[in-house]
Structures are given as structure tokens and as C-alpha cells.
Amino acid sequence: MQIECTKLCILSAVKQAYSCLWHYKLQHILIALVAALPFCLAGFLGGLDTVFSVTARDQPLPEGFNLSFTLLVLTTFIWAFPVIILWHRLYLLGPEHLIRRKIWPLITRSLNVISHSLIFFGFGLVTAVLMTAGIVYLRINTESAAMAGTISELGQMEAALYSIGALIVVCFLLIIGLRLSMAFAAQSIGKTLGFTVSWRMTRKNTFRMLIATILVISPLLALDGALIWAADHFWQIDLINGTAPNPDMMYLFVYLTAPLITLPLAALCSLTSSFYRHCGCAEFRSSLS
């Protein structure tokens, strides 16, 4: 099947992404609270105290750390997948199809998206290893003092190379993720669309999609940065290190501000939904259910 996709209008995609966020603001608040609930509930019950109690690198791991860390991963990283599916269903199908009576399709689609995401993370791992190997090679073969770092402190040039390398890796993974995002969006609403099809459908719009994503996400990331600064400055709640005068304050703050904290992720789902419609993916394959 010949797949043709017209050039994406960057400003139109940005406007559509923000319009969906605003139009479905009440549903977004609901999904954001659902997204933050497991993490905050686990924190209120003391399940995350152990993992956040480790502050020094040379400090031995306390008893129960592995269980607490596993709970942290389950309530954040793993829980993000069904939440992302809910956002995609909202932006692609509308609020009337947001919640289904049967919970099993949500579970199976979440597992399917997780399994397919391993391919994406594999790209990231290989890229990070190659970048690190290149910097280590330069360090060994360069006599410059700026490359002569220690175990605890990087040299100036070495730190600059790592920063540039990290930026390149992030951009590379973002491009790969955007090119494959049509497949993830399709799986979220119960349709079949492979990675190769997603790659072909988006081949003319790689950098347009990247620029649109940067324009949409950057202001929201800045908003989250300001929120993190305000929490630390006014209430001594360090969201980065997970510390607060009273641990319950941090979880309460996260839950109350969840609609703002999750805006970048929701905006990304809204934007990829816009790409999905633009590329004609909705008509490509028939629904599975």
C-alpha cells in the first residue's frame, strides 16, 4: 500500500495541541489526578520513605530499599502507560470513549505498549553506550588537562562533551519516538499499525514534528521548572530529591499540582494525536475491537 502524507504545518499542529488541552481541560484534570494517585497514596502510606531516605552516595542501602524502589517504579514509570493510553483515547476518540466498562482491554493495551517500548529503550541504551565509549576514547587519547577528570568530578571539556552528547541522545530519541508514535497512538485506541508503517507515514515530517514538539513542550517544561523552584523556595519541598519538612507535604503538593506537573506529557499525547490525524492513520487499518 502506497502511503503519502502531506507536509505538516507546524503552527497548525501547535495550535491543535494547545486547543485540545484547553478544550478537554476538565478531563485532563481528572486523568492527571488518576496519574498521581498511586504515587501519592504509596507515599502517604509510607511505602516510599525508604527510597527517599537515601541521600548520600556512599550510604549503605537501608533494609527494604528494593521493595520501596520497586513500588516507586510501579507507581510512576509503569503506571504512566495506562495513563498515556487514557490521554490518547481522550484526544483521538473524545471524552465519551475515555472510560470503558471493561478494564481488561486497558490492561492488555498497556502491556502491549510496554513491550513495544522496550525496542525504543533499546535504541536509547545503544546510543548512550556508543556516546560514552566515544568520550572515554577521547579521554584516553587526549592529553588536554580539560579532559583529566576524576571519579567524583569531570574535567571541563569532558563535562561539555557529556552535555552535548546527552543533548544529541535526547534529540535522537525524540526523533525516533515521534516517528514511531503513530503505532503507540493506534495501540491506545485498539487499532493495528506497525512501527514500519508509522516510520513510512512520518518520513516527510521528521523535523517539522520535532520543531512542533519543542515549541509545545518547552513552555510547559519551563512552567514545571518554575513550579519545582516555587515548592523549594516557599515551602522547602524539594521535588527533585524527594525531601520536605514533613513527607506528607510533598505528596499533598504533588497531588494538588498534578494537572500542572503532567501538562508536558499530556501535551505530547495531544500533539502526537494531531500527527496521527494529519497522517491519515485513522483510516489505515480497521479496529481490533
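A few notes on this one:
- Conditions (1) surrounded by fewer than 16 Cβ atoms within 10 Å (Cβ to Cβ); (2) touching a residue at least 12 places away in the same chain (Cβ under 8 Å); (3) closer than 23 Å to Ile31 by Cβ; (4) hydrophobic (A, V, I, L, M, F, W, C): number failed by Leu178: (1)
- Filter result (modelled with pLDDT under 95 and under 25 Å from Ile214 (Cβ atoms)) within segment 229-264: Leu239, Ile240
- Residue pairs whose Cβ atoms lie under 6 Å apart, separated by 6 or more positions or on different chains, with the first residue in segment 194-216 and over 13 Å from Gly177 (Cα atoms) and open to solvent by 10 Å² or more (accessible area, probe 1.4 Å) and the second β-branched (Val, Ile, Thr) and part of a helix (DSSP H, G or I), are Arg208/Ile10; Ile211/Ile10; Leu215/Val14.
Rundown of residues vs (1) over 24 Å from the mean Cα position of the chain (by Cα); (2) at pLDDT below 95, yes/no style:
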site	(1), (2)
Thr6	yes, yes
Ile29	no, no
Phe39	no, no
Val51	no, yes
Val54	yes, yes
Pro60	yes, yes
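Residues checked against (1) surrounded by 16 or more Cβ atoms within 10 Å (Cβ to Cβ); (2) in a helix (DSSP H, G or I):
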residue	(1), (2)
Phe39	yes, yes
Ala42	yes, yes
Gly46	no, no
Leu72	yes, yes
Ile78	no, yes
Ile84	yes, yes
Trp87	yes, yes
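- Number of residues in segment 68-100 that are hydroxyl-bearing (Ser, Thr, Tyr) and more than 18 Å from Ile261 (Cβ to Cβ): the value is 3.
- Leu30 being open to solvent by 70 Å² or more (accessible area, probe 1.4 Å), more than 21 Å from Ala185 (Cα to Cα), part of a helix (DSSP H, G or I) and out of contact with any helix residue (DSSP H, G or I) (no Cβ under 6 Å at 6 or more places or on another chain): no
- Among the residues here, Ile168 qualifies as exposed (fewer than 13 other Cβ atoms within 10 Å of the Cβ), modelled with pLDDT under 95 and in contact with a Ser or Thr (Cβ under 9 Å, 6 or more places away or on another chain).
- Filter pass, Asp224 being surrounded by 15 or more Cβ atoms within 10 Å (Cβ to Cβ), in contact with a strand residue (DSSP E or B) (Cβ under 6 Å, 6 or more places away or on another chain) and at pLDDT 90 or above: no
- Hits in segment 228-259 (condition: within 19 Å of Thr75 (Cα to Cα), surrounded by 15 or more Cβ atoms within 10 Å (Cβ to Cβ) and either in contact (Cβ under 8 Å) with a residue 60 or more places away in the chain or aliphatic (A, V, I, L, M) (or both)): Leu239, Gly242, Thr243, Pro247, Met250, Tyr251, Leu252, Val254, Tyr255, Ala258, Pro259
The values are calculated or read from the model by the stated rules, or taken from the named source; none is laboratory data. Predicted, not measured: the structure shown is a model, and the values here were computed from it. All Cβ positions, glycine included, derive from the backbone under ideal geometry; neighbour counts span all protein chains shown. The area values use the complete protein model at the heavy-atom level, side chains included, leaving out ligands, DNA and RNA. Shrake-Rupley method; radii C 1.70, N 1.55, O 1.52, S 1.80 Å.
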